[in-house]
Amino acid sequence: MAYKILVLRGDGIGPEVVGEALQVLKLVVRDAPVDLEFKDAPIGGHALDQFGTSLPETTLALAKDSDAILMGAVGGPKWDNPQASDRPERGLLALRKELGLFANLRPVKSVKELLAASPLKPEIVNGVDLVVIRELTGGIYYGKPSEQRQGPGGREAVDTCLYTEAEIERVLRYGFELAQTRRKRLTSVDKANVMSSSRLWREVATRLSAEFKDVHFENQLVDSMAMHLIRRPRDFDVIVAENMFGDILTDEASVLVGSMGLLPSASLGEEVNSAGFRIGLYEPIHGSAPDIAGRDEANPLAAILSAAMLLEHSLGMRAEAEQIQAAVEAVIRDGHRTRDLGGAGPRAVGCKAMGRLVRDHLENLMQAE
Ligand SMILES: NC(=O)c1ccc[n+]([C@@H]2O[C@H](COP(=O)([O-])OP(=O)(O)OC[C@H]3O[C@@H](n4cnc5c(N)ncnc54)[C@H](O)[C@@H]3O)[C@@H](O)[C@H]2O)c1
């Protein structure tokens, strides 16, 4: 089988971390009966410079023709003019919308050797293994009206949180299916005591839970969820939330394990690719880190773990994904650290060296099979 992978390296450290992730991807499929065809395309700031738009038509067309997309990050001070009509981040938002990527997954898994990097006590974060699924294309970020206007008592502003039953059901259904492949627990997050859209959300979640009797199900109000996530994160497996609640909870969850340089993400659509799985966009959760770009200091592990998610969720290659995860864990266990993970002075490992270490471990694992 041949699969088309679109590579969007982006700006800043994007090209550096994606470069390492690509080498890991190529290695892990070396002996597998698949061909990965990689194509590069511009997005973000450098696309603005070269083509006058943050999402060129050709990039969008290639994305629509791909089985999966691997991305770095976009943005940087060069393109920060708030008056500009187009900005690097617009390209990414437009791409997600155009591809209908409605489910944003952020797995958060603690690593024993890095417990000290978390702002929380080790006994709270040790053993955390959860996924937050944020609904990505609906809710208050897209509902109309969304405007400032003149009201009877002066200026006023309005935002609208709108969800159709179908939009709620598709993201929760995906959550239940994912929970079935994990520890079989699903927490649905809403604000049903106040918001109508949340009451519909809760109704749909509770109805669907009857279809997934093997999954332990609970509803949580978003305010208490924010507290539970910090106090007892180990109790959670799959957490599903609407767009804005998910936006806030995913950032909160990302600090549990300490460094952004470790956290991958996937944004999945409804459309199925030639492998029979969902088309997805895979990217580290961090930005383009302009402060360290071009210095070989970036941590490539989040990008490498994003490549592992690509194999699992868009190509159905779970064994290969697990090999990458095991190689990353082995490198950390051996004490190798980029600066963001506490690596200091001459002992700090650079981006390229970190990628090489992961590939070395991967080779060993592949030979041991
Ligand atoms: N999805 C995306 O493309 C995305 C996401 C967030 C921010 N951004 C953009 O990135 C630019 C910089 O944003 P920011 O500084 O707020 O966030 P950032 O994530 O780029 O950086 C925050 C801090 O974390 C460090 N850091 C981030 N990733 C790292 C890695 N892999 N290894 C080592 N250190 C790492 C950076 O050096 C910086 O000190 C902005 O233009 C922003 O809009 C893009």
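Does L162 count as hydrophobic (A, V, I, L, M, F, W, C), outside any loop (DSSP other than H, G, I, E, B) and outside the structural domain of A94 (by TED's automatic domain parsing)? Full working, then the answer.
On the way: hydrophobic (A, V, I, L, M, F, W, C): yes; outside any loop (DSSP other than H, G, I, E, B): no; outside the structural domain of A94 (by TED's automatic domain parsing): yes.
Against the criterion (hydrophobic (A, V, I, L, M, F, W, C), outside any loop (DSSP other than H, G, I, E, B) and outside the structural domain of A94 (by TED's automatic domain parsing)), L162 does not qualify.
Among (1) open to solvent by less than 40 Å² (accessible area, probe 1.4 Å); (2) away from the ligand (no atom under 16 Å from the Cβ), which single condition is D360 missing?
(1)
Matching residues to (1) out of contact with any Lys or Arg (no Cβ under 7 Å at 6 or more places or on another chain); (2) modelled with pLDDT under 95:
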site: L120; (1), (2): yes, yes
site: D129; (1), (2): no, no
site: I140; (1), (2): yes, yes
site: G143; (1), (2): yes, yes
site: Y163; (1), (2): yes, no
site: E169; (1), (2): yes, no
site: R173; (1), (2): yes, no
site: E177; (1), (2): yes, no
site: T181; (1), (2): yes, yes
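Yes/no matrix, rows are residues, columns are (1) in a loop (DSSP other than H, G, I, E, B); (2) over 30 Å from I285 (Cα atoms); (3) open to solvent by less than 20 Å² (accessible area, probe 1.4 Å):
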{"position": "I168", "(1), (2), (3)": "no, no, yes"}
{"position": "G175", "(1), (2), (3)": "no, no, yes"}
{"position": "A179", "(1), (2), (3)": "no, no, yes"}
{"position": "R183", "(1), (2), (3)": "yes, no, no"}
{"position": "T187", "(1), (2), (3)": "no, no, yes"}
{"position": "N193", "(1), (2), (3)": "yes, yes, no"}
{"position": "V204", "(1), (2), (3)": "no, no, yes"}
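For K352, only one of the following conditions fails: (1) of a type outside the set (S, T, Y); (2) within 16 Å of the ligand (Cβ to nearest atom); (3) closer than 24 Å to L92 by Cβ. What is its number?
K352 satisfies all of (1) of a type outside the set (S, T, Y); (2) within 16 Å of the ligand (Cβ to nearest atom); (3) closer than 24 Å to L92 by Cβ except (3).
Can you tell me which residues in region 62-111 are more than 13 Å from the ligand (Cβ to nearest atom), open to solvent by 50 Å² or more (accessible area, probe 1.4 Å), over 24 Å from E271 (Cα atoms) and more than 20 Å from the chain's Cα centre (by Cα)?
Matches in region 62-111: Q83, S85.
Considering R106, R96, R30, which residue is out of contact with any helix residue (DSSP H, G or I) (no Cβ under 8 Å at 6 or more places or on another chain) and either not small (G, A, S) or not in a helix (DSSP H, G or I) (or both)?
Values: R106 fails: out of contact with any helix residue (DSSP H, G or I) (no Cβ under 8 Å at 6 or more places or on another chain); R30 fails: out of contact with any helix residue (DSSP H, G or I) (no Cβ under 8 Å at 6 or more places or on another chain).
That would be R96, the only listed residue that is out of contact with any helix residue (DSSP H, G or I) (no Cβ under 8 Å at 6 or more places or on another chain) and either not small (G, A, S) or not in a helix (DSSP H, G or I) (or both).
Here's the yes/no breakdown for (1) open to solvent by 20 Å² or more (accessible area, probe 1.4 Å); (2) within 16 Å of the ligand (Cβ to nearest atom); (3) more than 16 Å from S118 (Cβ to Cβ):
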{"position": "A210", "(1), (2), (3)": "yes, no, yes"}
{"position": "A226", "(1), (2), (3)": "yes, no, yes"}
{"position": "V238", "(1), (2), (3)": "no, no, yes"}
{"position": "M244", "(1), (2), (3)": "yes, no, yes"}
{"position": "D251", "(1), (2), (3)": "yes, yes, no"}
{"position": "V257", "(1), (2), (3)": "no, yes, no"}
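Scan region 26-41 and tell me whether some residue there is more than 30 Å from E369 (Cβ to Cβ) and more than 12 Å from the ligand (Cβ to nearest atom). Reasoning before the result, please.
Going through region 26-41, the residues more than 30 Å from E369 (Cβ to Cβ) turn out to be 40-41.
Add one more test, that the residue is more than 12 Å from the ligand (Cβ to nearest atom), and what stays is 40-41.
Looking through region 26-41, at least one residue is more than 30 Å from E369 (Cβ to Cβ) and more than 12 Å from the ligand (Cβ to nearest atom).
If I filter region 309-331 down to residues being away from the ligand (no atom under 16 Å from the Cβ) and touching a strand residue (DSSP E or B) at 6+ places or on another chain (Cβ under 7 Å), which single residue comes out as nearest to L36 (Cα to Cα)?
Taking the candidates together, the pick is L315.
Report, by residue number, each residue of region 332-347 that is within 16 Å of the ligand (Cβ to nearest atom) and either aliphatic (A, V, I, L, M) or not in a helix (DSSP H, G or I) (or both).
I332, H336, R337, T338, L341, G342, G343, A344
Select from region 271-294 the residues that are within 11 Å of the ligand (Cβ to nearest atom), open to solvent by 30 Å² or more (accessible area, probe 1.4 Å) and either in contact (Cβ under 8 Å) with a residue 40 or more places away in the chain or assigned to a helix (DSSP H, G or I) (or both) and list them in ascending order. Steps first, please.
So in region 271-294, the residues within 11 Å of the ligand (Cβ to nearest atom) come out as 281, 283-293.
Applying the additional criterion that residues be open to solvent by 30 Å² or more (accessible area, probe 1.4 Å) yields 285, 287, 290-293.
Answer for region 271-294, where residues must be within 11 Å of the ligand (Cβ to nearest atom), open to solvent by 30 Å² or more (accessible area, probe 1.4 Å) and either in contact (Cβ under 8 Å) with a residue 40 or more places away in the chain or assigned to a helix (DSSP H, G or I) (or both): I285, G287, P290, I292, A293.
Of the conditions (1) in contact with a strand residue (DSSP E or B) (Cβ under 8 Å, 6 or more places away or on another chain); (2) open to solvent by less than 20 Å² (accessible area, probe 1.4 Å), L305 clears all except one; give me its number.
(2)
Taking region 112-145, which residues are surrounded by fewer than 19 Cβ atoms within 10 Å (Cβ to Cβ), in a loop (DSSP other than H, G, I, E, B) and either of a type in the set (D, E, K, R) or in contact with a strand residue (DSSP E or B) (Cβ under 7 Å, 6 or more places away or on another chain) (or both)?
Correct list: K121 only.
The values are calculated or read from the model by the stated rules, or taken from the named source; none is laboratory data. These figures come from a predicted structure and were not determined experimentally. In this analysis, Cβ positions are derived from the backbone assuming ideal geometry, glycine residues included, and neighbour counts consider all displayed protein chains. The protein model used for the area step is the full one, side chains on, heavy atoms only, and it has no ligands, DNA or RNA in it. Shrake-Rupley method; radii C 1.70, N 1.55, O 1.52, S 1.80 Å.
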